[in-house]
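All of the numbers you see were taken from the coordinates with simple rules; none came from a lab. If you're wondering where the values come from, they're calculated on a predicted model, not measured in any experiment. Cβ coordinates were reconstructed from backbone atoms using ideal geometry, including for glycine residues, and neighbour counts include every protein chain displayed.
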Amino acid sequence: MSDVQQLTQHLSRIDGRGYKAYKQIRGSYEFPDFNLYIDHVQGDPFALPSKVRIRVDQKHAQIPGGLWPNSVRLAALEDFIARAVRQAVQDLVSPKKGSGKSGLIFIDAGRQEVLERTAVVIKEDWVEARLQVGLPAAGRRILGKQATVMLCQEIPEIVDQALKWENLDHKQCRAFVECVENQEAIRRKLDEFSLVAFVANGAVLPRESGISDRPLSGDQVVSFRAPESLEITIEVPNQLPTGKTMIQGLGIPKGVTLIVGGGYHGKSTLLKALEKCVYAHIPGDGREYVITTR
């Protein structure tokens with residue numbers, strides 16, 4: 001395995017050469033507190049970005065094992081860290097550096113849903129983030145100095161901000177993982193209650209626009225409230241924001257359910273929420289405690 005100094009020297013040597021010379025940097029590089037793997041190098045600045053992995057040993061990452069004792073918590077934690085990496089990219093990576101996709105650093109961190117992804121992988125011995133990196137060029141000539149900044153300066157800064165427990169928001173991370181675990185616990189209980197779906201009291205179902213999946217905000221928002229005849233209570237494993245472990249809401253029973261109401265009374269809004277909520281959602285989405293069977 002080469003080291004960061006060798007990577008810097010290599011980028012300096014190919015500076016100004018044709019873009020295909022970037023193929024020479026494919027390989028693995030040892031940094032002081034992580035390893036960089038350049039698995040695939042794009043053949044052109046306008047092609048799909050290069051594929052890069054960052055692997056941090058747990059002695060440096062120090063992600064608490066108690067946060068992920070089961071598969072649900074692990075998927076939630078990996079999702080949270082992927083979002084932290086994306087935020088670090090937004091905070092630390094300078095604007096576009098050249099032609100095509102030059103300067104791009106991207107991670108598939110998702111949007112409102114929490115899903116099992118391959119963007120971040122957590123193991124007992126290490127944490128790994130998988131990125132797409134647009135190696136910089138002017139036209140089709142290598143910009144070696146800018147590539148050095150990306151790979152040897154910006155990526156280490158991303159590692160420090162997003163892949164080390166000491167620099168993550170511990171409270172926010174635990175709340176994220178516990179929220180997802182609560183959602184899956186409710187999903188498992190739906191059969192026990194002979195339900196196909198659950199909609200918590202206080203849920204915010206409407207979205208900010210027809211092309212956005214983010215929640216509507218402001219004084220015009222009407223939060224959900226279940227009719228007393230259909231209201232049920234479900235226990236969850238972790239404390240809710242209220243400090244309780246019992247949640248109330250609408251239980252939709254198995255069978256045929258008819259939803260009626262006047263125009264703009266929220267019928268379609270409810271149905272769309274139920275459609276989306278076969279997946280867990282991030283805290284603050286408004287639908288994080290709207291749960292549908294799979």
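Quick notes
- Debye log10 I(q)/I(0) for the chain, one point scatterer per Cα, at q = 0.09, 0.14 Å⁻¹: -0.55, -0.99
- Counting neighbouring beta carbons within 10 Å and listing from fewest to most, the residues HIS60, HIS10 come out as HIS60, HIS10.
- Solvent-free Debye calculation, one equal scatterer per alpha-carbon of the range 175-227: log10 I(q)/I(0) at 0.24, 0.25 Å⁻¹ equals -1.03, -1.04.
- Burial order of peptide ranges 263-273, 200-210 (average beta-carbon count within 10 Å, highest first): 200-210, 263-273
- Arranged from fewest to most other beta-carbon atoms within 10 Å of their beta carbon, SER229, SER194 become SER229, SER194.
- Fully extending the segment from PHE193 to GLU116 would add 25.1 nm, taking 0.36 nm per residue of separation and subtracting the current Cα-Cα distance.
- Highest average packing first - 254-260, 183-189, 21-27, 285-291, Cβ atoms within 10 Å: 285-291, 183-189, 21-27, 254-260
- Cross-link partners of LYS101 among aspartates and glutamates, defined as those whose alpha carbon lies under 19 angstrom from its own and excluding same-chain residues fewer than eight positions apart: ASP15, ASP39, ASP44, ASP91, GLU154.
- For the chain, the mean residue ellipticity at 222 nm estimated from helices alone is -8500 deg cm²/dmol, where every DSSP H run of n ≥ 4 contributes -39500 (n - 2.57) and the total is divided by all residues, rounded to the nearest 500.
- Full-stretch length increase - ALA47, GLN172 - with 0.36 nm per residue and alpha-carbon distance subtracted: 41.3 nm
- Debye intensity ratio I(q)/I(0), log10, the range 2-168, q values 0.13, 0.19 Å⁻¹ (C-alpha model): -0.60, -1.17
- Packing-based exposure ordering (other Cβ within 10 Å, fewest first) of LYS171, LYS20, LYS276: LYS171, LYS20, LYS276
- Diffusion constant of the range 201-294 at 4 °C, which comes from Stokes-Einstein with the Kirkwood Cα-pair radius and 1.567 mPa s, µm²/s: 90
- Reach of LYS267 by Cα under 30 Å, taken over lysines that are not fewer than 8 positions away in the same chain: LYS189, LYS244, LYS254, LYS276
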